[in-house]
Amino acid sequence: MAAVERVEDVPVDQAPVEALRGRLDEIADRWVTHIVAKNSGYLDTALVSLPDLRRSCRDNADAMLRLLAGDTGAEPYAVIRASARRQAERGVPLDSVLRSYRLAGLAVWQEAMDALPEPALLDVAGSLWMVVDEVSAEFATCYHYHRTELELLRMAEQRRRVMVDELLRGRGRESSFLEEAALKLDLPADSPYLVFAVEPTSAGRPGVEMPTETLAAGNFRSVWQVSGEALVGLVALERSGQEAVLRRLRPAMRGRGGVGPVVSGLGRVDEGYRLALTAMATLPPGSPGLAVLEDHLPEALLVRSPELADMLVRELLGPVLDLPGKEGRHLLTTLAVWIDTNCSVAHTAARLYCHRNTVLNRLNRLETLLDRPLKGRATFVAVSLALTAWELGQARP
């Protein structure tokens with residue numbers, strides 16, 4: 001690109017320029033009007049409100065007038081460079097912005113025609129369009145720099161995502177890939193790890209708030225990435241154990257989440273990922289909270305074998321579920337409370353706000369329907385699992 005003659009090489013009378021700087025509000029209003037009328041695509045693409053656009057136009061117009069007055073300091077160019085960075089981040093097309101700068105020159109010239117005497121107009125005219133060219137060239141240079149920087153960041157983020165996905169698929173067993181992944185993700189290869197899976201909230205917000213920052217405050221290194229419909233977190237336990245991580249994350253939970261047992265190294269996070277999904281499935285859909293797999297092992301067994309869980313419900317509880325109306329649900333609720341209270345009729349009656357004879361009658365009715373006594377280890381375990389499977393099934397969409 002050919003070098004642009006710098007405006008400070010062309011002397012300009014300061015008085016007309018200072019007079020125009022006193023009319024910055026009018027220039028900004030004219031510039032915004034021209035953008036809306038002649039370059040509306042710029043406004044739509046920038047996703048910026050009209051008040052924000054006007055503030056930006058005023059700042060940039062002031063920078064242009066300072067350059068027109070021969071200001072060679074860093075501040076006018078800092079305004080132009082900041083604008084270039086913002087528009088690059090927003091993805092506004094460069095041609096659209098450069099057209100807007102030409103409209104800025106038009107706005108300044110129109111204001112000058114309204115406010116300055118003819119001799120001063122001639123003095124300003126000699127340098128105004130040089131300033132527009134110089135500002136446009138500076139903007140384009142910074143814009144290309146930031147677009148390149150953003151593209152490199154996007155490429156690095158894409159490589160990071162691919163590496164996490166490959167780890168979750170089990171490629172961490174390959175020593176060469178594991179070494180590269182640990183380096184690129186800035187994670188230790190040999191540290192124990194916790195793996196989290198967290199669903200978004202019903203409103204679509206992240207299921208855990210700022211997990212990376214929350215854990216970094218406790219000196220935990222972690223990587224969090226969306227995989228499928230869940231946010232997956234790989235947390236290195238370099239200095240502290242599982243409980244220290246859980247204490248930090250539990251208050252930040254907003255959606256349903258699960259965490260598996262500690263796995264031995266970055267190369268085995270795929271195992272932790274599968275178990276974290278299982279742990280998450282032990283909570284009812286849409287229920288916020290964090291399920292630790294070790295605390296939900298019976299439910300996890302049922303979640304991992306949904307066909308067997310359904311068969312267990314059908315075979316053990318089918319006669320009760322087939323009862324008309326709400327009788328079956330009342331009987332199963334009574335059975336669940338009775339088991340939860342260590343088979344205490346009195347405590348069950350108190351929990352359900354009914355007479356103990358009512359509880360005894362319901363238990364007798366259940367024994368008749370199930371064709372087995374409710375006492376005994378085998379029956380107790382089978383019925384408890386069947387109740388859990390039924391509750392999980394009720395929660396499934």
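A few points about this structure:
- Put simply, the amide H of Ala291, placed in the peptide plane, has neighbours under 5 Å in Gly257, Gly258, Val259, leaving out anything fewer than 5 places away on its chain.
- Placing R0 at 45 angstrom, the Cβ-Cβ distance between His347 and Glu243 gives a FRET efficiency of 0.90 after rounding to 0.05.
- Most mobile of Leu312, Leu20, Leu275 in a GNM of the chain (Cα contacts under 10 Å): Leu20
- Of Pro51, Pro298, Pro188, the one that fluctuates the most in a GNM where the chain has Cα springs shorter than 10 Å: Pro51
- Based on alpha carbons, the Rg and Dmax found for the range 253-358 are 18.1, 58 Å.
- Multiplying the residue separation of Ser176 and Leu121 by 0.36 nm and subtracting their alpha-carbon distance yields 12.8 nm.
- Cβ charges +1 (Lys, Arg) and -1 (Asp, Glu), total dipole of the range 191-303, debye: 240 debye
- Linear extension gain, Glu18 paired with Asp190, 0.36 nm per residue minus alpha-carbon span: 55.3 nm
- Overall, the anisotropy analysis places the range 306-395 in the prolate class: the square-rooted eigenvalues a ≥ b ≥ c of its C-alpha gyration tensor yield a/c not less than 1.5, with a/b exceeding b/c.
- Separation between Cα centres of the range 117-175 and the range 337-397, rounded to whole Å: 66 Å
- Taking the range 57-74 and a reference point 7 angstrom along Cα→Cβ of Ala37, the backbone N atoms nearer than 20 Å belong to 57-58, 61.
- Distance between modelled label sites at Thr379 and Thr201, nm, 7 Å Cα→Cβ extension: 4.7 nm
- Cross-link partners of Lys375 among lysines (Cα-Cα below 29 Å; sequence separation of 8 or more within a chain): Lys326
- Positive-end residue of Leu266, Leu297, Val97, charge dipole of the chain with Cβ unit charges: Leu297
- Charges were assigned to the Cβ only: +1 to each Lys and Arg, -1 to each Asp and Glu. The resulting dipole of the range 247-397 about its Cα centre is roughly 520 debye.
- Nearest-0.05 FRET efficiency for Leu150 and Met311, computed from C-beta distance (R0 51 Å): 0.40
- The chain - Rg and Dmax from Cα coordinates, angstrom: 34.4, 110
- Loop-located trypsin sites (Lys or Arg not before Pro) in the range 314-355 whose Cβ has at most 10 other Cβ within 10 Å (DSSP): Lys326
- Per-peptide average of other Cβ atoms within 10 Å, ordering 244-257, 352-365 highest first: 244-257, 352-365
- DSSP-loop trypsin sites (Lys or Arg not before Pro) across the range 131-182, with at most 16 other Cβ within 10 angstrom: Arg169
- Three-way shape label, the range 191-303, alpha-carbon gyration tensor, a/c 1.5: oblate
No value in this document is a laboratory result; all are computed from the given coordinates. Since we're looking at a predicted model, the values are computed, not measured. Virtual Cβ from ideal backbone geometry, glycine too; neighbours counted across all protein chains shown.
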